[in-house]
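To start, the structure itself, in structure tokens.
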Amino acid sequence: MKRILTAGLCFVMAGVLLVSCGSSELDMDTVMGTVSGGVYTNEYADLTFSPTSDWTFYDESELLEMMDLSEDSVDTASKRQNALSRVQTLYTAMAMDEIGANIIIGFENLTMSTDGTSYSAEDYANEIVAQCTASGYTFGDVTAIEIGGNTYYEAIGSVEQSGYDMTQAFLSRRIDDYMCFIIITTIDGYTISPDEIIAMLG
């Protein structure tokens with residue numbers, strides 16, 4: 001089933017950094033994580049997302065489509081490892097509640113970006129702020145927050161779109177040569193807040 005994210009906004013981390021070349025030698029299934037019993041678990045990021053029952057996760061075919069990969073390209077273990085290791089921006093989990101609040105969890109492979117490995121998580125958050133501000137967002141300060149005992153840098157932006165006031169929280173944490181990112185999108189006055197969604201992370 002196709003679903004449209006309200007996060008059309010400053011949606012995509014693909015392009016936060018300029019493309020270069022490279023690939024990952026990590027076990028990509030570990031990087032992707034799993035959804036089971038309505039909970040997303042990513043051992044590589046030491047991260048879980050445990051939403052309430054009114055949330056629906058994207059299935060793998062939809063995530064692959066977001067990464068311009070076909071199901072045929074990952075139908076064996078070796079093909080899957082090869083294909084996923086060559087994707088600059090991995091979308092590892094996406095979910096949406098019944099009203100339209102949503103979350104995207106993923107990783108940018110810094111070795112595939114020009115000077116990408118020089119970026120700290122705070123640098124990455126500030127780059128998001130710069131790019132989204134140029135698109136009409138308003139941001140407060142970038143701050144450090146703790147999720148599951150790990151430090152993420154958070155930038156919260158607001159923007160008006162199609163008559164709605166939208167808020168997006170961008171979270172970033174560097175792990176090895178990957179930047180883990182979390183994008184949370186809410187609609188002011190209609191959905192739960194970013195803080196309520198962050199509380200579902202652990």
- line: Taking protein heavy atoms only, a 1.4 Å probe, and rounding to whole percent, the accessible area of segment 60-186 owed to carbon and sulfur comes out at 43 percent
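Which FRET efficiency value, to the nearest 0.05, do you get for residue 79 and residue 43 by plugging their Cβ-Cβ distance into 1/(1 + (r/R0)^6) with R0 = 22 Å?
Working: r = 22 Å, r/R0 = 1.02.
The computed FRET efficiency comes out at 0.45.
Using 0.36 nm times the number of residues separating residue 190 and residue 120, minus their current alpha carbon distance, what extension gain do you get?
Result for the pair: 21.8 nm of gain on full extension.
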field: Spacing of the two label points (7 Å from each Cα toward its C-beta) at residue 145 and residue 72, in nm
entry: 4.3 nm
task: Tell me the label-point distance for the pair residue 29, residue 61, using the 7 Å Cα-to-Cβ offset, in nm and rounded to one decimal.
output: 2.1 nm
Estimated dipole of the chain in Debye, rounded to 20 [Cβ of Lys and Arg +1, of Asp and Glu -1, Cα centre]: 240 debye
message: At 1.4 Å probe radius, can you tell me the per residue accessible area of the chain in Å²?
response: 46 Å²
- prompt: To the nearest 20 debye, what is the magnitude of the charge dipole of segment 143-197 about its Cα centre, counting +1 on the Cβ of each Lys and Arg and -1 on the Cβ of each Asp and Glu?
  reply: 140 debye
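The values are calculated or read from the model by the stated rules, or taken from the named source; none is laboratory data. Predicted, not measured: the structure shown is a model, and the values here were computed from it. Because the Cβ atoms are built from the backbone with ideal geometry, glycine has one as well, and the counts that use them run over all protein chains shown. Remember, those area values only see protein heavy atoms, side chains included, never the ligands or the DNA or RNA. Shrake-Rupley method; radii C 1.70, N 1.55, O 1.52, S 1.80 Å.
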